[in-house]
């Protein structure tokens with residue numbers, strides 16, 4: 001028997017263990033039976049081991065060209081580099097399901113190791129919920145999308161991975177996005193456990209704060225990688241096209257960000273219990289919805305897999321998740337009410353709640369635009385598409401309001417802000433806002449969105465710098481240390497709060513990059529060897545084309561020499577690659593000369609080998625680099641917040657001092 005025969009066996013055994021653990025977990029929790037509870041935890045470990053074995057075997061099958069498996073033959077070929085073969089495991093539906101299950105196994109194992117002693121009442125029910133989710137994915141892989149399904153014949157070679165996926169970001173973007181998607185399963189599982197047991201105070205919220213930060217971190221990284229991948233691979237000069245699959249990846253990010261903000265109010269004031277429960281259910285449901293969009297083929301997308309019957313399976317599971325969650329929330333509604341109420345519109349609670357509404361408003365607008373074609377077809381019989389203008393026009397004002405609240409929420413007082421508090425914290429930032437807006441207009445900015453971004457970003461930056469300076473100055477006086485050491489000590493002492501501030505700075509940089517991209521300049525021309533063209537400050541000379549061979553493709557390359565303002569020449573070489581194996585596709589490989597404040601972007605559209613002439617599109621993208629820089633700063637700030645010792649996450653009553661500042665999580 002071939003070792004690969006263990007793959008399907010591992011999936012079946014894992015499914016049996018998951019179903020067994022889901023049952024005994026709930027029984028152990030209800031009966032408070034430690035033996036059954038430990039059995040459920042053991043089932044988590046056993047199921048995880050089975051999934052890990054299946055994944056290792058599938059990866060080995062790809063690397064060693066086992067084309068007797070349909071999934072391997074469809075997504076790999078002998079000519080592909082080895083690391084592309086390993087990444088091709090998640091290049092198709094069956095493998096992506098197995099990757100999802102593997103990541104869920106890792107999260108589940110880590111969660112049980114970290115919480116089964118600390119949260120003995122919640123852990124068995126949470127294990128049962130995680131195993132139920134695991135069982136669902138294993139059912140999909142054993143009955144529908146089978147990664148180890150064999151062909152009736154042995155092909156000499158495979159079709160190869162989709163050329164659009166043969167990019168180095170393929171090795172990082174999907175796993176990161178899945179780490180973000182799947183990570184929300186853990187706080188969701190413990191939320192359901194809290195509903196089942198009636199332990200709905202701050203215990204589960206406090207324990208799950210870091211488990212919510214992890215998926216936020218990876219969703220941030222995954223979406224940034226995806227936008228960069230689109231920027232360098234699809235050859236259209238942009239980084240976000242409001243594609244349905246892109247939208248499905250960003251919606252859980254907005255909902256999860258709202259959850260991370262609102263749990264602070266529950267920790268500090270014991271408020272928003274039902275709201276937080278609804279938010280985590282919504283966030284997890286959006287991850288399943290995103291999977292449904294990608295795998296059902298119901299919405300056209302450059303990222304989606306072909307239409308299959310797996311979509312209806314995911315839709316059924318999503319319906320059951322929502323129905324069960326809403327039923328549990330209704331059942332425990334009396335325990336989800338709190339005595340504390342919003343005391344003033346001018347308070348930190350109010351600012352964070354408004355922040356939540358904006359985040360959810362953006363998520364809803366994205367959902368509506370994504371699914372409107374389906375809804376219109378269902379009610380009118382005509383599928384009406386919704387394009388980028390809708391998303392930009394609706395989300396533009398909402399995002400600006402969100403940017404503004406980023407500077408308000410962290411520095412306004414709890415419960416009720418006094419006039420003295422408002423003057424002390426906002427006098428300088430408001431002055432900076434006005435000056436920045438005037439300067440933006442004076443230097444020639446006329447687009448209202450760009451002017452607002454400059455002014456609001458200056459306001460937020462002023463609030464962050466002001467708070468950091470006050471803390472640093474106080475520490476310099478009390479500790480007698482210099483400014484750098486005092487700042488480092490300040491951040492180290494309250495990593496959750498100042499990590500959040502750093503994330504806010506990253507958000508400002510991202511907004512700057514988005515605003516700058518509005519001033520994109522584009523030129524398209526047919527050039528013969530020796531021709532020159534000017535675009536912006538750049539002089540571009542076309543020096544003919546070359547034909548080059550790659551490991552599994554043939555490339556036509558345009559040789560361009562670019563000078564900026566008469567400076568030193570810089571060589572860029574956009575390509576058109578043809579992949580003859582299997583899918584016989586042609587892709588565009590753009591050439592980018594990227595600097596801190598501007599990108600020069602070249603696309604080879606067509607090439608005539610007889611004359612050497614080429615159709616070339618040239619684009620100048622201002623400020624694009626700041627989107628990636630801002631994303632990196634956001635990731636750095638999140639890592640600082642994650643490093644907070646667990647004991648600092650315990651609930652403390654909100655104080656009335658006017659100068660108290662929030663322990664900001666992530667915005």
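Observations on the structure shown:
- Check on residue 522, surrounded by fewer than 17 Cβ atoms within 10 Å (Cβ to Cβ) and either in contact with a helix residue (DSSP H, G or I) (Cβ under 8 Å, 6 or more places away or on another chain) or touching a residue at least 24 places away in the same chain (Cβ under 8 Å) (or both): yes
- Selection within segment 120-143: residues that are assigned to a loop (DSSP other than H, G, I, E, B) and in contact with a helix residue (DSSP H, G or I) (Cβ under 7 Å, 6 or more places away or on another chain). The member of this set that is nearest to residue 103 (Cα to Cα) is 122.
- Residue count, segment 186-244 (criterion: in a helix (DSSP H, G or I) and out of contact with any strand residue (DSSP E or B) (no Cβ under 9 Å at 6 or more places or on another chain)): 41
- Which numbered condition residue 118 misses (of (1) surrounded by fewer than 24 Cβ atoms within 10 Å (Cβ to Cβ); (2) in contact (Cβ under 8 Å) with a residue 60 or more places away in the chain; (3) more than 19 Å from residue 194 (Cα to Cα)): (3)
- Residue ranges of strands (runs of 3 or more DSSP E) in segment 510-549 with at least 1 members within 30 Å of residue 579 (Cα to Cα), under 36 Å from the mean Cα position of the chain (by Cα) and modelled with pLDDT under 90: 538-549
- Considering the conditions (1) at pLDDT below 90; (2) surrounded by fewer than 21 Cβ atoms within 10 Å (Cβ to Cβ); (3) part of a loop (DSSP other than H, G, I, E, B), residue 377 is excluded by exactly one of them, (3).
- Residues that are under 26 Å from the mean Cα position of the chain (by Cα) and modelled with pLDDT under 50 within segment 616-667 comprise 649, 662, 663, 664, 665, 666, 667, listed in sequence order.
- Residue 585 being touching a strand residue (DSSP E or B) at 6+ places or on another chain (Cβ under 9 Å) and modelled with pLDDT under 80: yes
- Screening segment 380-394 for residues that are at negative phi and not in a helix (DSSP H, G or I) and picking the one that is farthest from the chain's Cα centre (by Cα) gives 382.
- Matching entry among 78, 150 (being surrounded by fewer than 24 Cβ atoms within 10 Å (Cβ to Cβ) and either closer than 24 Å to residue 310 by Cβ or in contact with a helix residue (DSSP H, G or I) (Cβ under 7 Å, 6 or more places away or on another chain) (or both)): 150
- Number of the condition not met by residue 113 [criteria: (1) outside any helix (DSSP H, G or I); (2) over 30 Å from residue 550 (Cβ atoms)]: (1)
- For segment 53-68, the criterion of a residue being at pLDDT 95 or above and under 24 Å from the mean Cα position of the chain (by Cα) is satisfied by at least one position.
- Hits in segment 158-178 (condition: more than 23 Å from residue 65 (Cβ to Cβ) and touching a residue at least 60 places away in the same chain (Cβ under 8 Å)): 169, 177, 178
- When the test is whether a residue is in contact with a helix residue (DSSP H, G or I) (Cβ under 9 Å, 6 or more places away or on another chain), modelled with pLDDT of 75 or more and loosely packed, with under 15 Cβ neighbours inside 10 Å, residue 337 passes it.
- Restricted to segment 395-507, the set of helices (runs of 4 or more DSSP H) holding at least 1 residues that are closer than 21 Å to residue 640 by Cβ, out of contact with any strand residue (DSSP E or B) (no Cβ under 7 Å at 6 or more places or on another chain) and touching a residue at least 12 places away in the same chain (Cβ under 8 Å) comprises 448-479, 483-493.
The values are calculated or read from the model by the stated rules, or taken from the named source; none is laboratory data. Computed from a predicted model, the values in this text were never measured in an experiment. Cβ coordinates were reconstructed from backbone atoms using ideal geometry, including for glycine residues, and neighbour counts include every protein chain displayed.
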